[in-house]
Each structure stands twice: as C-alpha cells, then as structure tokens.
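Participant: Below is one structure. I have some questions about it.
Just so it is clear, none of the values below were taken in a lab; they were calculated from the coordinates. Just so it is clear, the model here is predicted, and its values are computed rather than measured. Counting neighbours? That spans all protein chains shown, and the Cβs are built from the backbone with ideal geometry, glycine included.
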Amino acid sequence: MGTGAGRDSRTHQAPTWCKPRADGVELALRVQPGAHRNGVSGVYGERLKLAVSAPATDGRANEAVLALVAQLAGVPRRAVELVSGAGARDKRVRIAGEPAALLAQLQAAAART
C-alpha cells in the first residue's frame, strides 16, 4: 500500500500538514490565489496546497480559503478560522470539531487530487 497526500501508511499518523488538537485540527496551507478553479492542488512541502479563484485583494482570497476548507472538511464555515498568514500564501487554519472525523474527511479530500 502506498502513501497518500503526506500520510505514511506504515505509521497511520496524521499528515504533516494536519495537526490534531483537543477541539479540532490545525492545517498548514499553501494558497494559490487567482487560480482557474477552487480545490486541493496537492502537497507543497509540509503544507496542503489549495487553489482559489478569488484574487488576493481585500481579504477575498482568505475568505475563499476558509469557505473551501469548510467544504472539504464537511463543516459549517463558522467552524473554520484563520490563525495566521492573512497577508501571505502560507497560512494556518483551525477547524473546530472531532479531530479523528475531520482528519479522515481532509485526508479523503487530499487523496482525490
């Protein structure tokens, strides 16, 4: 069995871009604003790479990233918050919820790339 999207199948640990927390998970993201479509683009180093069509002006790309993360995780938008990186491509995002369920959902979304 191979590895998928930053996950080592031998250890069954969370991928490097996803850190479980007591009340959810925290994601390390690399964002490509102004893309042709919204979605997961793969893994960039130790970050999950997301593409959003919104431009990086007036916080529009940040809002698009939060909405996309909520969709990928299967949670309401209000469960997702930007922790750091408001003006940068590298961002940290926290998702509130049950960590194991969120991790499974996010890994499935990343594997579809």
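Participant: Quick one: how many residues across segment 63-113 are closer than 12 Å to Val25 by Cβ and of a type in the set (A, V, I, L, M)?
Facilitator: Residues that pass the stated criteria total 16.
Participant: Further question on the same structure: Mind listing just one residue for me: the one in segment 19-28 that is hydrophobic (A, V, I, L, M, F, W, C) and out of contact with any helix residue (DSSP H, G or I) (no Cβ under 6 Å at 6 or more places or on another chain) and, of those, farthest from Leu48 (Cα to Cα)? First the steps, then the outcome.
Facilitator: To start, the set of residues in segment 19-28 that are hydrophobic (A, V, I, L, M, F, W, C) comprises 22, 25, 27-28.
Subsequent filtering for residues that are out of contact with any helix residue (DSSP H, G or I) (no Cβ under 6 Å at 6 or more places or on another chain) retains 22, 27-28.
Values: Ala22: 21, Leu27: 8, Ala28: 6 Å.
It comes out as Ala22.
Participant: Let me ask something else about it. Among the residues of segment 54-70, is any surrounded by fewer than 20 Cβ atoms within 10 Å (Cβ to Cβ) and within 20 Å of Thr16 (Cβ to Cβ)?
Facilitator: no
Participant: Further question: Collect the residues in segment 56-101 that are in contact (Cβ under 8 Å) with a residue 24 or more places away in the chain and part of a strand (DSSP E or B), keeping them in residue-number order.
Facilitator: Val83, Asp90, Lys91, Arg92, Val93, Arg94, Ile95, Ala96
Participant: Specify the residue that is surrounded by the fewest Cβ atoms within 10 Å (Cβ to Cβ); the eligible residues are those in segment 26-52 that are in a loop (DSSP other than H, G, I, E, B) and touching a Pro at 6+ places or on another chain (Cβ under 8 Å). Lay out the reasoning, then the answer.
Facilitator: Within segment 26-52, the first condition is being in a loop (DSSP other than H, G, I, E, B), and the residues that meet it are 33-38, 45-46, 52.
Adding the requirement that they be touching a Pro at 6+ places or on another chain (Cβ under 8 Å) leaves 33-34, 52.
On the way: Pro33: 18, Gly34: 12, Val52: 23.
Restricting to residues being in a loop (DSSP other than H, G, I, E, B) and touching a Pro at 6+ places or on another chain (Cβ under 8 Å), the top hit is Gly34.
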